[in-house]
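First the structure, in the form of structure tokens, and then the observations on it.
Bear in mind that the values in this text are calculations on the coordinates, not laboratory data. The structure presented is a predicted model; accordingly, all values stated were derived computationally and were not measured. Neighbour counts run over all protein chains shown; Cβ positions are idealised from the backbone, glycine included.
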There are 2 protein chains.
Amino acid sequence: MVEMKKKIIITGAAGFTGNSACQYFADKGYDVIGISRSDLAEVKVRVVTCDLLDKEKVSEIFDFYKPDFCLHLAGVNSVPRSWNDPSSTIEANVLGTVYLLEAIRKAVPSCRTVIVSSALSGIDHPYGVSKKHQEQLVADWANLFDLQLMIAKPCNLIGPGRSPGFVSFLANRIIQLESSGDHSPINISHLQNEREFLDVRDAIAAYEVLLKAGNRNVTYEIGSGKMTTLLEILDIFQTLTKEKLTIIETNDTKDLSPRVMNSELIKDYNWQTVYPLELSIKQILSYHRSVGS
Amino acid sequence: MVEMKKKIIITGAAGFTGNSACQYFADKGYDVIGISRSDLAEVKVRVVTCDLLDKEKVSEIFDFYKPDFCLHLAGVNSVPRSWNDPSSTIEANVLGTVYLLEAIRKAVPSCRTVIVSSALSGIDHPYGVSKKHQEQLVADWANLFDLQLMIAKPCNLIGPGRSPGFVSFLANRIIQLESSGDHSPINISHLQNEREFLDVRDAIAAYEVLLKAGNRNVTYEIGSGKMTTLLEILDIFQTLTKEKLTIIETNDTKDLSPRVMNSELIKDYNWQTVYPLELSIKQILSYHRSVGS
């Protein structure tokens, strides 16, 4: 008996999470098709170059592959960029999602799809507005057309790979410091601000759980359940390098901490974190040492 | 002393309400600039041909004219079309509105703008979804960028002019009947369904009130306060023609009647209806007699 591989389309395949997700699902035996706007994806899977705003091409891709699953990661994720150009953020996150949902509806309405939103959804900036509308449109499309759509809201994701986040930034500074001997201080603000960090591979494992068994039109928050200050992150990095890290705190006001994610719904599926923070940070540093800063 | 005319941009200028609005504001001494996707506008004012999805051109228009007011009527208003092509409905009503708001924000953030939504906003069809998101984005943009945006939600608008609605349809049938003598029955469903009708000129007078004095980020419902069955409309038409109207009711189930609009907020500005239903219908019939069916 031939066992057919399950097909999964992953949008935003060249991004930080997308890269890891392509790897993860390929390793798990899925037939992975990545979609990326750029052809810069490092991933080792088939990648179709397509801007999600090219609605005809998006439809053709779903019509051709008829995937069992879709993980929708593509979008504009920068708050500053969203202030500079609100239209393009709405286009990418709202209209791009509509085109994706329409492609699924027309080509393969049974496709089980996880749309990845953000803890910043609903915050008062154009990015937060775009994610709020994205989530609402997903709920609308699930209702109108009876599609198998789930929403995942992860906390801050970290891990090996090219990430625009704070932890990868620090890792890069440390290997620069190690190679150059430049001991100029690192400027960081808000050292006491707490954030909830989760390894991207843990998040992707949660997405897989939802793709297989999540309930239609439910929003699942995904977090580690643990708040960590930037200072604690720095302390972990300090244990991993012989160089002495010198920090200048440029702003010591304490932001209102975001609340911790409520991960009860995903934990009902026996999902749990596998990568403790110390291990993630160790592997992040190894990754950046291996690729160079 | 030279008195400068106030400038108003009216989008959807070639539509039923747009046509009347261009006429109304021109008669009131405004400097009217219509925007229309097609160049088919009957209106006697300056009309710039522009699809609101052409965001650069929309921005250029606002940058050039720097209007004091904007009345946003453009959009896709057909529920059946929204089922056939949900994407284009979202594009026109959601993205088109974002581009308009962005043009206003960048070129003339003081521009007092009325966005016309619909009593069907929020209903479970892609059109209702698009209008719900349009309203929410208007509120979001008003909040994020402190813009002078008001939302108007009118009931069913009727009046002289090319309207796709039921009342104009009937007027057309009657003048066909008068000219051809064809007495074949008219098929109509749901004769007992109640609807709230308002003359389009009364609605536009309300929009003017809001443009001048409405409160930022408030939604104003605009209606006649009176529910009317299609049978009552037919009875009025029967008094206006010598021909005997023969009706076949194709479906006599009674829909859940929509609630009457709550016009209290707009009445606080001493707005009131000027055109009773009988007068509107008489003038609708005169209009269609004058232009032919």
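I need the P(r) histogram for region A:1-154: all alpha carbon pairs, bin width 10 Å from 0 out to the longest distance, whole percents.
Pairs per bin, as whole percents: 12, 42, 36, 9, 1, 0.
Angle, helix A:166-180 long axis vs. longest principal axis of chain A, Cα atoms, 0 to 90°, nearest 10?
50
In terms of modelled amide H atoms, which long-range or inter-chain residues lie less than 5 Å from the amide H of B:Ala152?
Distant-sequence amide H within range of B:Ala152: B:Ile115, B:Val116, B:Ser117, B:Tyr220.
Please report the relative contact order for region B:1-154, taking Cα pairs under 8 Å with a sequence separation of at least 6, and give it as a percent rounded to a whole number.
Across region B:1-154, relative contact order equals 21 percent.
By counting other Cβ atoms within 10 Å of each Cβ, how are A:His125, B:His133, A:His288 ranked from fewest to most?
Lowest count first: A:His125, A:His288, B:His133.
Place a point 7 Å from Cα of A:Lys226 in the direction of its Cβ. Which residues in region A:183-211 have their backbone N less than 11 Å from it?
Inside the label zone: A:197-199.
For A:Ile247, list long-range residues whose amide hydrogen, built 1.01 Å from N in the peptide plane, is under 5 Å from its own amide hydrogen.
Counting only residues 5 or more places away or on other chains, the set is A:Ile186.
Helix B:16-27 versus the longest principal axis of chain B: what is the Cα-based angle in degrees, 0 to 90, to the nearest 10?
Between the helix axis and the principal axis of chain B, the angle is about 60 degrees.
Determine the shape class of region A:112-190: with a ≥ b ≥ c the square roots of the Cα gyration tensor eigenvalues, call it rounded for a/c under 1.5, and otherwise prolate if a/b is greater than b/c, oblate otherwise.
Prolate.
Based on Cα coordinates alone, diagonalise the gyration tensor for region A:146-293, multiply each eigenvalue by 5, take square roots, and list the semi-axes in whole Å, largest first.
Value: 32, 17, 12 Å, ordered largest first.
For a bin width of 10 Å, list the pair-distance distribution of region A:183-228 built from all Cα-Cα distances, rounded to whole %.
The percentages, shortest bin first, are 21, 34, 24, 14, 6, 1.
I need the peptides A:73-80, A:217-224 ranked by packing, meaning the mean over residues of other C-beta atoms within 10 angstrom, with the highest value on top.
A:217-224, A:73-80
Determine the shielding of peptide A:90-98 by partner chains: average, over its residues, the number of Cβ atoms on other chains within 10 angstrom of each Cβ.
Averaged over the peptide's residues, the number is 4.
As a test of the definition: which semi-axes, in Å, follow for chain B when you take the square root of five times each eigenvalue of its alpha carbon gyration tensor? Largest first, please.
After diagonalising the Cα gyration tensor, the semi-axes are 34, 21, 19 Å.
5 Å is the cut-off here: which amide hydrogens, built 1.01 Å from N in the peptide plane, fall below it relative to A:Lys7, excluding neighbours closer than 5 in sequence?
Under 5 Å from the amide H of A:Lys7: A:Asp31, A:Asp68, A:Phe69.
Sorted from largest down, give the three principal axis spans of the alpha carbons of region B:161-243, whole angstrom values.
That gives 53, 25, 20 Å along the principal axes, largest extent first.
For a Förster distance of 30 Å, can you work out the FRET efficiency between the beta-carbons of B:Val291 and A:Arg81, rounded to the nearest 0.05?
0.05
Sort A:Thr250, A:Thr97 by Cβ crowding within 10 Å, fewest neighbours at the top.
A:Thr250, A:Thr97
So what's the convex hull volume per residue for the Cα atoms of the protein assembly as shown, in Å³?
Dividing the Cα hull volume of the protein assembly as shown by its residues yields 207 Å³.
Read phi for every residue in region B:93-102 and hand back ³J(HN,Hα) as whole Hz from Karplus 6.51 cos²θ - 1.76 cosθ + 1.60, θ = phi - 60°, with x for Gly and Pro.
So the J values, rounded to whole Hz, are 8, 9, 5, x, 5, 4, 5, 4, 5, 5.
Taking R0 as 56 Å, what's the FRET efficiency between B:Glu249 and A:Arg259 from their Cβ-Cβ distance, rounded to 0.05?
0.45
In region B:186-293, which trypsin sites (Lys or Arg not before Pro) fall in coil by DSSP and have 13 or fewer other Cβ atoms within 10 Å?
Loop-located and lightly packed - B:Arg216, B:Lys242, B:Lys244, B:Lys254, B:Arg259.
What is the fewest-to-most order of A:Leu100, A:Leu144 by other Cβ atoms lying within 10 Å of their Cβ?
By the 10 Å Cβ count, ascending, the order reads A:Leu144, A:Leu100.
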